[in-house]
Structures are given as C-alpha cells and as structure tokens.
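Just so it is clear, none of the values below were taken in a lab; they were calculated from the coordinates. Note that this is a predicted model, so its numbers are computed, not measured. Cβ atoms come from the backbone with ideal geometry, glycine included; neighbour counts cover every protein chain shown.
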C-alpha cells in the first residue's frame, strides 16, 4: 500500500491524461516526497482539489459501536463499502507518478520507488472533518487490495489502480461497478527501483 507518493509531472499534464484538460486547476508544485498528513490533489466529480491525506475518523465507529481512533490513511477494498467506519464516504482518485515502499528491519530499511510508464491513478475515498473553529477539512484515503506479482516481494498490499476510462465508473453512483474495479493491477506494468536519491525530510 502506498507509504508516500511522488508527483513531478505538471498538474496540467495530469489533467490532460485524465481527460480533464479544460478544468480549473489548483496550484501544485513538483513534489518527490508526499507524506500522510499532507495535502494531495484529488479528483472528484467536482474537479481537482487539494485534500488532506488521512481521514480523521471523528464520530466514526466500528462494527461494535466503538470509536475508530486511528487516522485512516488506507482502506481495505474487501471491507471499504461494508464497514460501519466508512458509512457515508465519497469517492475520488489521486493521480501521481508513483509511490514508495520500504523493506527490511528498522534502521536498515531499503526504500523502493514504484512507477509505471504513465501516471498512476489511485482509487480513494473521501470525507470531511469539522476542524476546531468550524473549518471543513476535506480528507482522502487510498483503497488497497492484494498485491500483483510486481509488488508482492515488497509489500503484502498495494493501492487499487485504475485506467483513465475507469475513473467515471469509480466516481459514479454504481456501487457494483466500483467494486469490480478493486483488483490488483496487471502484472508486468510497474517498474521498481531503489530510491536512494530522495531527501525524506523534504516535501
């Protein structure tokens, strides 16, 4: 599952890739280290907009009626549409150049950069958190599934990836059509390399 993202492709080119070239775009600088808790650019039926990566589950409860305490960064595809904790969430996509994962023991971890031959479209869910002072904070979490063979040696989960033509289905009202998209990305379409050149203290 995505630990961090990177996006250096201009957002205008991302919009063209998504078939949304005519839409208004927020400002977005190139970033090689997008972390949970920071803003990412999400695409919904309302267009592109910044959202906080991580759903603060204030007021959300699990199946036993107990409060969900941990911030939701990623949501499992197997339960995202069934768990009480996800009642009322919306859907979005997050388009980036790729993501990072880590392997190994603490203090000896190896960082890996994962990307394709084109931008990657991650299926996501959205929510709105009522922050102190009454400010509405739009939030997003990625949907994950079993890994394909490309990723399996690095992580036991991966983000659900979509083709551009799948985006309207994911953002649409047909829940069964959205469920059908939550499968591993086809094998052989991702490249993986060591990410020794990334400054993990920078955005």
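In table form, for the structure just shown:
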{"read-out": "Relative contact order %, the stretch 114-176, counting alpha carbon pairs below 8 Å whose residues are six or more apart", "value": "30"}
{"read-out": "Radius, Kirkwood style, for the stretch 89-195 when every pair of distinct Cα atoms is counted (Å)", "value": "15.2"}
{"read-out": "Over 14 Å [Cα-Cα, the stretch 99-157], rounded percent", "value": "71"}
{"read-out": "The chain: translational diffusion in µm²/s, Stokes-Einstein, Kirkwood Rh over Cα pairs, 4 °C, 1.567 mPa s", "value": "74"}
{"read-out": "FRET efficiency, 1/(1 + (r/R0)^6) with R0 30 Å, evaluated for residue 128 and residue 187 via beta carbons", "value": "0.25"}
{"read-out": "Gained length - residue 152 relative to residue 179, 0.36 nm times residue gap less alpha-carbon distance", "value": "7.5 nm"}
{"read-out": "Intensity falloff of the stretch 157-199 expressed as log10 I(q)/I(0), Debye formula with alpha-carbon point scatterers, at q = 0.25, 0.27, 0.34 Å⁻¹", "value": "-0.91, -1.00, -1.24"}
{"read-out": "Paramagnetic reach from residue 118 (point 7 Å along Cα→Cβ, amide N under 15 Å) across the stretch 4-35", "value": "13-21"}
{"read-out": "Mean separation of Cα contacts under 8 Å (6+ apart) over length of the chain, as relative contact order %", "value": "22"}
